[in-house]
Amino acid sequence: MNVIKVKNKEEMSQLAAKHIIKKVTDAPHSVLGLATGSTPKETYKELVKDYIRNGTDYSLVKTINLDEYVGLSSENKSSYHYFMKKHLFGYLNIKENNRYIPNGETEDLKEVCLQYDQLIEKMVVDLQLLGIGRNGHIGFNEPGTSFNTKTHVVKLAHATRQSNSRFFNSIDEVPTHAITMGISSILKSKEILLLVSGSHKAPAMKHLIENEAIDVQFPASALKKHHHVTIIADCEALSLVSSYVGEN
Ligand code: PGA
């Protein structure tokens with residue numbers, strides 16, 4: 001894992017956006033694996049700025065998102081469908097039928113998971129963007145999830161619901177379940193870009209960087225099995241890491 005230390009979230013977002021723009025410019029048919037949450041928001045803002053200024057073309061790009069809540073309609077402002085539209089899809093020229101997000105709205109979630117896996121088999125992700133939860137989750141793969149799991153319905157950990165309650169009126173509104181791409185699917189991506197910002201992520205970063213063990217109780221440790229992972233983390237996120245990490 002290559003760790004790049006940056007000053008703050010702004011620098012993290014600018015560097016991540018630069019990386020994505022280069023990927024898409026060099027390979028216009030790129031498949032981008034996308035994430036939601038606070039972490040990638042500014043990166044998406046940078047992509048939108050670049051699109052408006054420089055017209056980077058996304059017409060051949062395909063995107064596939066990591067996860068979605070169960071039971072929220074795509075019009076619900078807390079759904080990840082809505083998030084993606086609001087922060088990215090509403091601006092860039094990514095074709096609507098080239099964007100994939102799990103459908104958490106239907107009754108037959110088992111079928112949704114199966115279809116998502118078939119899709120993942122067909123679309124090899126060139127660059128997967130990831131965030132990390134305080135408990136080390138990636139996507140919504142909570143601690144204890146087998147690394148072999150494919151797309152599945154997950155019962156969200158209390159810590160995750162609590163943390164995500166900031167996007168809802170109260171914790172009671174946070175769905176109890178979500179659909180997430182499994183860790184084995186995430187590891188199939190050709191390249192992974194993990195973004196981490198803020199002191200609240202510092203214990204997770206310390207665990208990830210300083211602990212050599214690959215352990216299902218800390219899902220992000222699965223990334224150690226991948227040959228091409230870049231972590232862009234800011235000073236606050238790396239504040240508990242004593243070992244050397246490269247500066248940007
Ligand atoms: P955050 O979430 O970007 O909102 O901090 C990251 C995650 O939980 O994966």
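The values are calculated or read from the model by the stated rules, or taken from the named source; none is laboratory data. Computed from a prediction, not measured in an experiment: that's the story for all the values here. Cβ: placed from backbone, ideal geometry, glycine included. Neighbour counts: every protein chain shown. The protein model used for the area step is the full one, side chains on, heavy atoms only, and it has no ligands, DNA or RNA in it. Shrake-Rupley method; radii C 1.70, N 1.55, O 1.52, S 1.80 Å.
Ordered by 1.4 Å accessible area with all protein chains kept, MET1, MET84 run largest first as MET1, MET84. A Förster radius of 35 Å combined with the Cβ-Cβ distance from GLU107 to SER239 puts the calculated FRET efficiency at roughly 0.15.
Maximal additional length on extending the ARG166-VAL153 stretch stands at 2.5 nm, based on 0.36 nm per residue less the C-alpha distance. Once all protein chains are placed together, VAL3 keeps about 20 Å² accessible to a 1.4 angstrom probe. Surface composition of the range 20-89: carbon plus sulfur atoms contribute 51% of the solvent-accessible area (1.4 Å probe, protein chains only, all chains present).
Of the GluC sites (Glu not before Pro) in the range 85-164, the ones in a loop by DSSP (not H, G, I, E or B) with at most 14 other beta carbons within 10 Å are GLU107. Ellipsoid fit via the Cα gyration tensor, the range 153-248: semi-axes of 25, 19, 12 Å, each the root of five times an eigenvalue, largest first. Evaluated with a Cβ-only charge set (Lys, Arg +1; Asp, Glu -1), the range 9-61 carries a dipole of roughly 60 debye about its Cα centre, given to the nearest 20. Net charge dipole, the range 96-248: roughly 260 debye, given to the nearest 20, about the Cα centre with Cβ charges of +1 for Lys and Arg and -1 for Asp and Glu. Using a probe of 1.4 Å on the protein chains alone, the accessible area found for ARG166 is around 140 Å². Where the accessible area of the range 121-243 is counted over protein heavy atoms with a 1.4 Å probe, how much of it, in %, is carbon and sulfur? For the range 121-243, the apolar C and S fraction of the accessible surface comes to 50 percent. For ASN65, the amide hydrogen comes within under 5 Å of the amide hydrogens of LEU34, TYR100, ILE101, counting only partners 5 or more places away or on other chains and with H modelled in the peptide plane. Note that the chain presents 47 Å² accessible area per residue, ligands and nucleic acids not counted, probe 1.4 Å. Is the chain rounded, prolate or oblate when judged by the Cα gyration tensor, a ≥ b ≥ c being the square roots of its eigenvalues, rounded requiring a/c under 1.5 and prolate requiring a/b larger than b/c? Rounded, because the longest to shortest axis ratio a/c is under 1.5.
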